1. Counting only heavy atoms of the protein chains, get the accessible area per residue of region 8-91 (1.4 Å probe) and round it to a whole Å² value.
2. At most 15 other Cβ atoms within 10 Å and a DSSP loop assignment: could you name the GluC sites (Glu not before Pro) in region 92-123 that fit?
3. With a sphere of radius 10 Å drawn around the Cβ of P9, what net charge do the other residues whose Cβ falls strictly inside it have (Lys, Arg +1; Asp, Glu -1)?
4. Past 25 Å, Cα to Cα, is the threshold; run K104/K213; K22/K117; K5/K104 against it and keep the listed order.
5. Projected onto the charge dipole of region 206-290 (+1 at Lys/Arg Cβ, -1 at Asp/Glu Cβ, origin at the Cα centre), which of A276, H240, I260 gives the Cα projection farthest towards the positive end?
6. Just for the chain, what percent of DSSP beta bridges are antiparallel, to the closest 5?
7. Once the Cβ-Cβ distance between R259 and R60 is put in as r, and R0 is 22 Å, what FRET efficiency do you end up with, to the nearest 0.05?
8. Which loop GluC sites (Glu not before Pro) in region 199-290, with loop taken from DSSP, have no more than 15 other Cβ atoms within 10 angstrom of their Cβ?
Amino acid sequence: MRVRKAVLPAAGFGTRFLPASKAIPKEMMPLVDRPIIQYAVEEAVSAGIEQIIIVIASGRSAIEDHFDSDPGLERWLEERGDIELLRAVRRISEIGTIAFVHQKEQLGLGHAVLMAKELVGDEPFAVLLSDDVIVNPGGRPVTGQLIETYQAHRGSVIALQRVDRRDVSRYGVVAPRHEEGPLVEIGDLVEKPAVEDAPSDLAVLGRYVLSPKIFDVLESTPRGAGGEIQLTDAIRDLSHEQPVFGYQFSGVRHDAGTRIGWLQANIAMALESDDADELRAFVRGLDLRD
Ligand code: G1P
């Protein structure tokens, strides 16, 4: 079955970015020239996704506004003859079909995904956590890699990458049963284990292709780590009923979900942008001694 839909949860409190994220969802923080979430939307579209479902918190419309058209702004840019900016602004509202669902209570990532149940229906779908900005210059976007794996192996697929052992407690971590190239058969999955309890250094990194059966599982998933309904716990339970694979994707991942990670992502991505020379000169000129 084709994977046509993608769910992008964007309803968290953005605690790690407070107070910057008090009135603006953290997904709207800029990364070079676009809000963080736009990278995930563009990645999904370039992987062949036709419908994007963004889960937002009630009363927070900045994300909806961003993907809506803005005739006043477009007219103004047109009159000024600023064609390049006009194209960039128009492209956002023409990016694809985007639907929004509200999560009334912030009960966790699993609960946010469950909010998309009606819109996804009975078909496999992708999940992209926009905090994880993953670039694969010249190669297939990570979501595309997972969709291919889903189709080849007929099971849900989660994106994995090895992380520093000391950082495992920030992630969902898998206990691999068997590894064959990038494909990992999953024995177990734990959300945010203590470093000493982590079953491996293979972390779940913000991209999934899931069978719709996950919705039934999520409906009865109890609160887990941090008192939240965790997607990781539901995927672990799903793996007892249906095949679930891990896939060690190709691509560089930036953790734009933490302050330092976001700053690093901005620098790394700006160094690849059109203004790279000016930034490189600035960085070179910094006094980096302790
Ligand atoms: C979420 C998931 C976690 C995953 C991580 C990747 O955690 O719950 O399993 O490893 O994203 O970024 P969060 O970062 O929302 O705490």
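1. Working: 4340 Å² over 84 residues.
Heavy-atom accessible area per residue stands at 52 Å².
2. Numbers: sites: E94, E105, E118; in loops: E94, E105.
For GluC sites (Glu not before Pro) across region 92-123 that sit outside H, G, I, E and B with at most 15 neighbouring Cβ atoms in 10 Å, the list reads E94, E105.
3. Details: positive: none; negative: E27, D131.
Computed value for this residue: -2.
4. Exceeds cut-off: K22/K117.
5. Final value for the positive-end residue is H240.
6. On the way: 27 of 48 bridges.
Close to 55 percent.
7. Numbers: r = 20 Å, r/R0 = 0.93.
So, using R0 = 22 Å, E works out to roughly 0.60.
8. Working: sites: E219, E228, E241, E272, E278; in loops: E228, E241, E272.
Passing both the DSSP loop test and the Cβ count: E241, E272.
The values are calculated or read from the model by the stated rules, or taken from the named source; none is laboratory data. Treat the numbers as computed from the prediction; the structure is a model and nothing was measured. As a convention, Cβ positions derive from the backbone with ideal geometry for all residues, glycine included, and neighbour counts pool all protein chains shown. To get the accessible areas, we keep the full protein, side chains included, count just its heavy atoms, and leave off ligands, DNA and RNA. Shrake-Rupley method; radii C 1.70, N 1.55, O 1.52, S 1.80 Å.
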